[in-house]
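Colleague: Please see the structure below; I have some questions.
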Amino acid sequence: MQTADLIWMNGEFVAWEDAKVHVLTHALHYGTGVFEGERCYDTERGPAIFRHDEHLERLERSAKLYYMDMPFSREQLREATHELIARNGFRSCYIRPLVYRGHGPMGLNPLENPVEAIIACWEWGAYLGEEGKKNGIRARVSSWRRISDDSLQPLSKASGQYLNSVLAKIEAQKSGYEEAILLDDNGHVCEGTGENIYVIRDGVIATPCVTNSILWGINRMSIIQIANDLGYEVVERDVARAELPLADEVFLSGTAAELTPMREVDDMPIGDGKPGPITRAIQEVFEDALHGRSERYAHWLDVVPIPAQT
Ligand code: PPE
């Protein structure tokens with residue numbers, strides 16, 4: 001992991017090595033934080049953050065679901081992110097805003113604890129490997145079910161909730177797979193440990209819906225839009241586990257993973273074991289949108305103003 005010089009912490013820029021919290025930080029003990037994952041791409045118009053507003057909006061929604069008042073406005077966080085990228089001299093990077101309950105009373109009622117915010121960025125390569133993005137990854141269905149609406153908040157991107165993904169990821173990797181696919185409470189397909197999922201059969205794209213305990217992916221929104229614009233039908237519905245190996249094509253999407261095809265599930269090839277034509281067509285347009293090569297989706301990029309060199 002390539003680090004940065006500076007981290008933004010509660011309104012100030014501090015050196016990477018000085019960005020510290022107290023050991024009694026509430027979020028460290030109880031997972032009471034919410035975060036985002038965003039990417040900034042090196043485009044012709046300058047470094048540009050993909051769907052920045054949507055990510056900051058989701059951060060606010062995640063906070064609301066855990067009774068946290070945002071300590072900074074969306075506009076303040078947007079400007080802080082711009083300045084952070086500019087001051088670190090990045091052309092492209094991964095961005096991690098985190099809003100969390102800080103040091104204060106111990107115990108489970110967090111409402112008296114301060115809500116703090118940081119933004120970090122670093123250079124992060126292909127999450128599931130360059131090879132995976134190109135030729136597809138091997139996944140297994142996890143023995144862990146995805147967290148559900150009746151015990152946690154699947155629609156909140158909350159720190160503590162990621163213990164679920166951590167268990168599934170460890171299990172998958174220890175048993176020789178690159179990624180885990182989690183089922184929801186009812187045994188329907190939900191998503192990967194950090195990606196939404198799409199199943200294609202006979203030219204129709206199906207993806208689990210918001211009632212399947214998914215995280216409402218920003219890239220999912222973009223993929224659905226691109227697929228529709230390319231003339232494909234996208235259906236949001238329950239997806240049965242068996243539809244994965246029986247699909248013609250399956251792929252995943254997420255900020256870190258971008259669009260990654262799946263070539264195998266539970267040791268069964270998907271289609272002919274290679275990324276299929278619809279996956280490829282969507283991936284190509286999506287990559288163009290991310291990297292600022294698309295006129296049509298140019299409004300999805302928030303260009304970072306870089307001050308002129310003096
Ligand atoms: N589901 C989960 C559980 C998830 O964590 C992500 C993002 C998604 C779906 C896709 O959401 P979106 O990025 O808005 O399209 N996972 C983030 C965290 C990865 C990590 O290892 O940390 C990410 O991709 O940034």
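Colleague: Read through the list (1) under 21 Å from the mean Cα position of the chain (by Cα); (2) more than 16 Å from the ligand (Cβ to nearest atom); (3) touching a residue at least 24 places away in the same chain (Cβ under 8 Å), then give the number of the only condition that residue 284 fails.
Modeller: Just one mismatch for residue 284, condition (3).
Colleague: What tally of residues in segment 289-310 results from selecting those that are modelled with pLDDT of 95 or more and either hydrophobic (A, V, I, L, M, F, W, C) or in contact with a Lys or Arg (Cβ under 9 Å, 6 or more places away or on another chain) (or both)?
Modeller: Initially, segment 289-310 is screened for residues modelled with pLDDT of 95 or more, giving 289-305.
Cutting the leftovers down to either hydrophobic (A, V, I, L, M, F, W, C) or in contact with a Lys or Arg (Cβ under 9 Å, 6 or more places away or on another chain) (or both) gives us 289-290, 292, 298, 300-304.
Residues meeting the conditions: 9.
Colleague: Of the residues that make up segment 11-33, is at least one crowded, with 19+ Cβ neighbours inside 10 Å, in contact (Cβ under 8 Å) with a residue 60 or more places away in the chain and closer than 30 Å to residue 295 by Cβ? Explain how you work it out, then say what you get.
Modeller: Going residue by residue through segment 11-33, those that are crowded, with 19+ Cβ neighbours inside 10 Å are 25-27, 32-33.
Right, trim to in contact (Cβ under 8 Å) with a residue 60 or more places away in the chain and you get 25-27, 32-33.
From what is left, the residues that are closer than 30 Å to residue 295 by Cβ are none.
Checking segment 11-33: not a single residue is crowded, with 19+ Cβ neighbours inside 10 Å, in contact (Cβ under 8 Å) with a residue 60 or more places away in the chain and closer than 30 Å to residue 295 by Cβ.
Colleague: I'd like the full set of residues that are within 15 Å of the ligand (Cβ to nearest atom) and of a type in the set (A, V, I, L, M, F, W, C), limited to segment 88-98. Working first, answer last.
Modeller: Initially, segment 88-98 is screened for residues within 15 Å of the ligand (Cβ to nearest atom), giving 92-98.
Those that are within 15 Å of the ligand (Cβ to nearest atom) and of a type in the set (A, V, I, L, M, F, W, C): 93, 95, 98.
One line per residue, one yes/no per condition, for (1) away from the ligand (no atom under 11 Å from the Cβ); (2) farther than 19 Å from residue 269 by Cα:
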site	(1), (2)
177	yes, no
182	no, no
193	no, yes
196	no, yes
200	yes, no
209	yes, yes
215	no, yes
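Colleague: Take the residues in segment 49-72 that are more than 20 Å from residue 194 (Cβ to Cβ) and in contact with a helix residue (DSSP H, G or I) (Cβ under 9 Å, 6 or more places away or on another chain), then tell me which one is farthest from the ligand (Cβ to nearest atom).
Modeller: Result: 69.
Colleague: Can you tell me which residues in segment 83-113 are surrounded by 14 or more Cβ atoms within 10 Å (Cβ to Cβ), farther than 22 Å from residue 162 by Cα and out of contact with any helix residue (DSSP H, G or I) (no Cβ under 8 Å at 6 or more places or on another chain)?
Modeller: Selection gives 83, 84, 85, 86, 87, 88, 90, 91, 92.
Colleague: Sticking with this one: Quick check on segment 255-270: of everything there that is more than 23 Å from residue 175 (Cα to Cα) and buried (at least 21 other Cβ atoms within 10 Å of the Cβ), which residue is nearest to the ligand (Cβ to nearest atom)?
Modeller: Applying the first criterion (more than 23 Å from residue 175 (Cα to Cα)) to segment 255-270 yields 255, 258-259.
From the residues that got through so far, the ones that are buried (at least 21 other Cβ atoms within 10 Å of the Cβ) too are 255, 259.
Numbers: 255: 3, 259: 10 Å.
Taking the candidates together, the pick is 255.
Colleague: Give segment 115-134 a look and list any residue that's surrounded by 14 or more Cβ atoms within 10 Å (Cβ to Cβ) and either part of a loop (DSSP other than H, G, I, E, B) or more than 18 Å from the chain's Cα centre (by Cα) (or both), or say none. Talk me through it step by step, then tell me what you get.
Modeller: Pass one, segment 115-134, residues surrounded by 14 or more Cβ atoms within 10 Å (Cβ to Cβ): 115-124, 126-129, 132-133.
Within segment 115-134, 115, 116, 117, 124, 126, 127, 128, 129 qualify.
Colleague: Go over the candidates 165, 159 one by one and state the one that is touching a strand residue (DSSP E or B) at 6+ places or on another chain (Cβ under 6 Å) and modelled with pLDDT of 95 or more.
Modeller: On the way: 165 fails: touching a strand residue (DSSP E or B) at 6+ places or on another chain (Cβ under 6 Å).
Of the residues listed, the single one that is touching a strand residue (DSSP E or B) at 6+ places or on another chain (Cβ under 6 Å) and modelled with pLDDT of 95 or more is 159.
Colleague: Just for strands (runs of 3 or more DSSP E) wholly inside segment 142-235: which have at least 3 residues that are crowded, with 21+ Cβ neighbours inside 10 Å and not β-branched (Val, Ile, Thr)?
Modeller: Values: elements: 179-183, 189-192, 196-201, 204-207.
Correct list: 179-183, 189-192.
Colleague: Do we have any residue at all in segment 2-17 that's away from the ligand (no atom under 14 Å from the Cβ) and within 19 Å of residue 111 (Cα to Cα)?
Modeller: Taking segment 2-17 first, the residues away from the ligand (no atom under 14 Å from the Cβ) are 2-17.
Remaining after also requiring within 19 Å of residue 111 (Cα to Cα): 10.
Yes, some residue in segment 2-17 is away from the ligand (no atom under 14 Å from the Cβ) and within 19 Å of residue 111 (Cα to Cα).
The values are calculated or read from the model by the stated rules, or taken from the named source; none is laboratory data. What you see is a predicted model; the values in this text were computed from it and never measured. Using ideal geometry, Cβ is built from the backbone for each residue, glycine included, and neighbour counts are taken over all protein chains shown.
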